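Here's the structure, in structure tokens; my notes come after.
The values are calculated or read from the model by the stated rules, or taken from the named source; none is laboratory data. For clarity, every value in this text was computed on a predicted model and none was experimentally measured. Cβ coordinates were reconstructed from backbone atoms using ideal geometry, including for glycine residues, and neighbour counts include every protein chain displayed.
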Amino acid sequence: MPDPIGKVSIRLAMPADIPILNRLIPESVRSLRHGFYTHAQAEAAIRHVFGVDSQLVSDGTYFVAVDGEQPVACGGWSWRRTLYGGDQRPMGVGNLLDPAVDAARIRAFFVAGTHARRGIGAKLLQACAAAASAKGFTRLELMSTLPGVPFYAKLGFTEIEPVVDTLPDGTQVGFVRMTRAVHLPGDRLP
């Protein structure tokens with residue numbers, strides 16, 4: 001069987017990637033929402049929550065997975081308090097975290113439906129964990145979409161609490177806040 005990741009590589013996102021990623025993210029949500037979010041919930045979340053947080057790109061903490069030259073996934077981490085949300089509605093203030101007491105934030109992971117379940121998200125998470133560790137963080141925290149919960153649980157995250165976000169249009173969308181140590185036994189770092 002061929003390598004599930006194949007020719008996919010990980011690199012830091014650049015400002016020029018933002019328009020492409022803002023097209024990839026809705027496609028990812030629409031293709032992976034089935035069984036977790038209704039059509040109306042997915043569309044409301046795309047409008048109000050899911051999108052690139054350009055602060056992550058500016059900070060040099062947002063990664064893009066590319067298949068050849070084509071971006072097929074994205075995800076990052078942050079030393080800022082914002083827990084989730086794109087430029088259209090970041091949730092939490094952007095104040096800096098203290099690695100001695102705070103968990104680094106895992107942010108805005110999206111994989112194109114055509115490339116889902118091939119190990120790309122895990123490779124992105126490894127890059128984020130290594131970078132967060134290099135900055136002194138020992139824990140990770142994230143706000144998972146419902147489709148993402150099994151993925152993150154498989155990678156050692158445990159649930160802190162379920163969250164229901166009431167979006168500006170009144171739509172309620174469920175998430176799960178999760179955490180884990182930066183490094184777990186058996187982690188392979190890039």
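Quick notes on this one:
- Residue check, Arg118 modelled with pLDDT under 95, crowded, with 18+ Cβ neighbours inside 10 Å and either assigned to a strand (DSSP E or B) or out of contact with any Ser or Thr (no Cβ under 7 Å at 6 or more places or on another chain) (or both): yes
- If you go through segment 99-145 and keep only what is without any contact (Cβ under 8 Å) to a residue 12 or more places away in the chain and β-branched (Val, Ile, Thr), you end up with just Val101.
- Taking the criterion of being surrounded by 11 or more Cβ atoms within 10 Å (Cβ to Cβ) and in a loop (DSSP other than H, G, I, E, B), the residues of segment 6-24 that qualify are Gly6, Ala13, Met14.
A quick yes/no check of all residues on (1) over 24 Å from Ala130 (Cβ atoms); (2) modelled with pLDDT under 95; (3) hydrophobic (A, V, I, L, M, F, W, C); (4) assigned to a strand (DSSP E or B):
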position	(1), (2), (3), (4)
Gln41	yes, no, no, no
Ala44	yes, no, yes, no
Gly51	yes, yes, no, no
Phe63	no, no, yes, yes
Ala100	no, no, yes, no
Arg107	no, no, no, yes
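- Pairs with Cβ under 8 Å, 6+ apart, first in segment 146-174 and touching a residue at least 12 places away in the same chain (Cβ under 8 Å) and in a loop (DSSP other than H, G, I, E, B), second of a type in the set (D, E, K, R) and crowded, with 18+ Cβ neighbours inside 10 Å: Pro147/Arg33; Leu155/Arg180; Gly156/Arg180; Phe157/Arg180
- Segment 38-88 - residue that is of a type in the set (A, V, I, L, M) and free of Cβ contacts under 8 Å to residues at least 40 places away in the same chain and, of those, surrounded by the most Cβ atoms within 10 Å (Cβ to Cβ): Ala42
- Residue in segment 25-37 that is surrounded by fewer than 17 Cβ atoms within 10 Å (Cβ to Cβ), assigned to a strand (DSSP E or B) and modelled with pLDDT of 95 or more present: no
- Candidate set: segment 121-142, residues that are among the hydrophobic types (A, V, I, L, M, F, W, C) and surrounded by fewer than 22 Cβ atoms within 10 Å (Cβ to Cβ); chosen: the one nearest to His34 (Cα to Cα): Ala122
- When segment 146-180 is filtered for residues that are touching a Leu at 6+ places or on another chain (Cβ under 9 Å), of a type in the set (Val, Ile, Thr) and more than 25 Å from Val101 (Cα to Cα), only Val173 remains.
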